[in-house]
Each structure stands twice: as C-alpha cells, then as structure tokens.
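Just below is one structure, and these are the notes that go with it.
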Amino acid sequence: MSALLLSFDQKVRPAIEEYLLKVVDSQTLKEYPGLADMLMYHMGWKGAAAGIEAQGKRIRPLLVTLTCEAVGGDWQTALPAAAAVEILHNFSLIHDDIEDQGILRRGRRTLWKMWGVPLAINAGDTMFTLAFQALGNLQKTCGDQVVLQAYNILIDTNLKLTGGQHLDISNEQVDKINLVDYWKMISGKTAALLSACTRLGALVGGADGDLVEKFGRFGYNLGLSFQAKDDWLGLWGDEKSTGKSTKSDLLTKKKTLPVVYALEQNLEFAHRWQQAPAFTLDELPELTQLLADEGAQKYSEKMADQLMREALEALNSTGCENNALDLLREMAMRLGNRIN
Ligand code: GRG
C-alpha cells in the first residue's frame, strides 16, 4: 500500500468504524434485548473471534469517502452515506447466508447458524432499515435535493441487488445459463452497490449529474471486474493468499464465469457438467484443466482485465486530478490483484 493510501486508510477507517457503531448501536434497539448484540456480532465487534478480520475489508465506505474527496468534498460529510452502503452490504450478506445456507462468513459462524433463521431474518431487516436511517443523517450537512437524490440512489440500488439475487437463486435451479444471464446477475449482485458507492461519494462531495455518472461508471466496471476475478480465483487462485478454496465452487457446481463460458463452448467440460449431478474431489484437477484447455481461464482473465481498464478509463474521464483520485486508482488496482 502506498504511504498515501495507508495514511488515508489510517485516518478514515477508525472514523467509519466509529460512525457505523453509532448507527448500529442505536438507542431504539436497546429496548429489544439481544437484537443489537446480533448486529454487533455480524459487524465483527462482539462475540467469538471479533476483530479486524471479522469486520471485512470495508471497501465500500472507503470508496464513498475517497470519491467525495476526489471531487473536492470533505470526506467527513460523506460518513452517513459511507455507513449506509456498508450497512446495506452487511444486510445483504446476512440474508445471502440464510438463502444459501452458508455456515461461515469472514471465518466465523454465520448469524443464522448462531441464532437460527427467524431471528437472523429479522436482524437482517433491522440492518436494512438502519442503512436508510444512516443515510438520513446527510440532512445535517447537505441540502434537501442532495438527500433526496441520495435516497433515490439507495432505493434503485436495492432493487438491482434484489434483482441480481433473484437471478442468482433462479439460475441455481437450471442446468445451464449463458454469459448474458451471468453478466446481468453480476451487474445486480455486485456492480450495482459499488456504483452506488462512487455515485454517492461524488454527489455528497458536490459533483454535478454528469460527473456523478462518470464516477458511477468507474464503480460499476470495478464491480464487474472484481466479480470476474473472484470467480477466476475460485479455480486458479492461491488458497493461502486469498483465503478462498479452489475446490468448493466446482464441488457445489456453482455457475461461475469460467464455467458459464465453458458451457457455452459446449465441449468436453459441458458434456461432463451435464452428465454428473455432482463432482467428486478426485475429478477436480482434470475438470479444472479442461476449463483451461477450453479457453475459460483465458476468457475470465481477459474480461477481468478489460473491465478494470474500462473502470480506470471512466476515472480518467472525470478530469479530476488530485491525491484522492490517485488513491481510487490504486485501490482499484489493489482490488483487481487482491493485494491488501
Ligand atoms: C438490498 C433489499 C436488498 C436485498 C439484497 C441478499 C441479497 C439481496 C443480495 C446478495 C448480494 C450478495 C451477497 C452479493 C455478493 C457480493 C460480494 C462480492 C460480496 C463480498 O464482498 P466483500 O469481499 O466482503 O467486499 P467483505 O467481507 O470484505 O465485506
């Protein structure tokens, strides 16, 4: 990490954490014993193995605050929006873990595994509401027009998130999907929220509509590239450095980008996929090699790189040149290469 990014991170991250805590540990929740504890556990602040690892990377609030600075705003005014996107992201993780019965999140037992499904759904709904409450705090520093536009961004993003999640769950129930289905799903599930981060940061920092959209394009392409790379890492990554298994995606027959590409090629991999209801551990090396031989590895790499280039071009098109913009560039490249 460059000295500049490190110093921004060290300055902003504690403020984000403090702001998030203020929103989540709300006075209203104190009337309902146990509810705040669940949220504090999920956010990585309380319970077994609480700490920095359990809190996640906080990429989204960092993007909001940096974008605000890049357009000439003061990052502190963006804290309500930064908190809103991180809380919304965490709400979506709580519900996602229930929907696909995930056992571990950030190396700890998921909320529903700890408290059961009904209470976890309810805690998720509480988080969802807190995201809007946090965003409302913009009113203290921004005009009504900005607050209204910020709300509209969050509402539109929620629709895209649920839409993407709907496609993801529906896609699991069919044997085959195509690349158009894949990109549509990812655009809702991952890219929409990253685009909201950069749009909200720019909006709160005082950018006009055109500039907000340019930053939005940066976040959107960054999100697509991030997901394409994530799917690639799920097959060919270094487990030790990513903390992500290179077996589980194939074992669970997840329709990741390399798989969807190979299914469209309709060669040997597609044949094996259609024949087997499930794969065994010893078939995995051969299947992974087939994906590489049939061009799926190259295609995924190429797409992750191309989308990253488009993200950086969008950033250049903003015409902003300052330290914060350089840091956004650096953050994007670090995300692309998964370096901390
Ligand atoms: C918003 C109403 C509404 C519903 C959401 C459940 C759901 C519907 C959507 C699921 C979205 C989901 C789980 C997307 C995955 C996105 C993704 C790339 C997650 C991982 O992000 P990181 O790596 O996570 O930034 P950390 O742990 O660092 O926070």
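Please work out whether segment 221-285 counts as rounded, prolate or oblate from its C-alpha gyration tensor, where a ≥ b ≥ c are the square roots of the eigenvalues and a/c under 1.5 means rounded, while otherwise a/b larger than b/c means prolate and anything else oblate? It is oblate, given that a/c is not under 1.5 and a/b is not larger than b/c.
If the segment from Arg272 to Asn323 were pulled out straight at 0.36 nm per residue, it would be longer than the present Cα-Cα gap by 13.3 nm.
Go ahead and run the numbers for FRET between Asp125 and Ala15, Cβ-Cβ distance against an R0 of 22 Å, rounding to 0.05.
After rounding, the FRET efficiency stands at 0.20.
If neighbour count is taken as other Cβ atoms inside 10 Å, put Thr65, Thr28, Thr190 in order from fewest to most.
Going from least to most buried by this count: Thr28, Thr190, Thr65.
When the P(r) is computed for segment 118-256, the part past 23 Å accounts for 48% of the Cα-Cα pairs. Of Cys68, Cys142, the sequence from fewest to most neighbouring Cβ atoms within 10 angstrom is Cys142, Cys68.
Our note on the geometry: Cα centres of segment 67-112 and segment 286-338, 22 Å apart. Across segment 173-272, the mean sequence separation of Cα contacts (distance under 8 Å, 6 or more residues apart), normalised by length, yields a relative contact order of 29 percent.
Excluding same-chain neighbours fewer than eight residues apart, the aspartates and glutamates reachable from Lys176 by a Cα-Cα span under 18 Å are Asp168, Asp231, Asp249, Glu264, Glu268, Glu294. Oblate is the label for the chain. Its Cα gyration tensor axes, ordered a ≥ b ≥ c, give a/c of at least 1.5 and b/c at or above a/b.
A simple spin-label model places pseudo-atoms 7 Å from Cα toward Cβ; at Ile103 and Ser248 they are separated by 1.0 nm.
Taking the fewest neighbouring Cβ atoms within 10 Å as the starting point, the ordered list for Tyr41, Tyr32 is Tyr32, Tyr41. With a ≥ b ≥ c taken as the square roots of the eigenvalues of the C-alpha gyration tensor of segment 110-197, please select rounded if a/c is under 1.5 and otherwise prolate if a/b is larger than b/c or oblate if it is not? Oblate, since a/c reaches 1.5 and b/c is not below a/b.
How much net charge surrounds Asn90 when only other residues with a Cβ under 11 Å from its Cβ are counted (Lys, Arg +1; Asp, Glu -1)?
+1
None of the figures in this text is laboratory data; all of them are computed from the coordinates on show. Keep in mind the model is a prediction, meaning the values are calculated, not measured. Neighbour counts run over all protein chains shown; Cβ positions are idealised from the backbone, glycine included.
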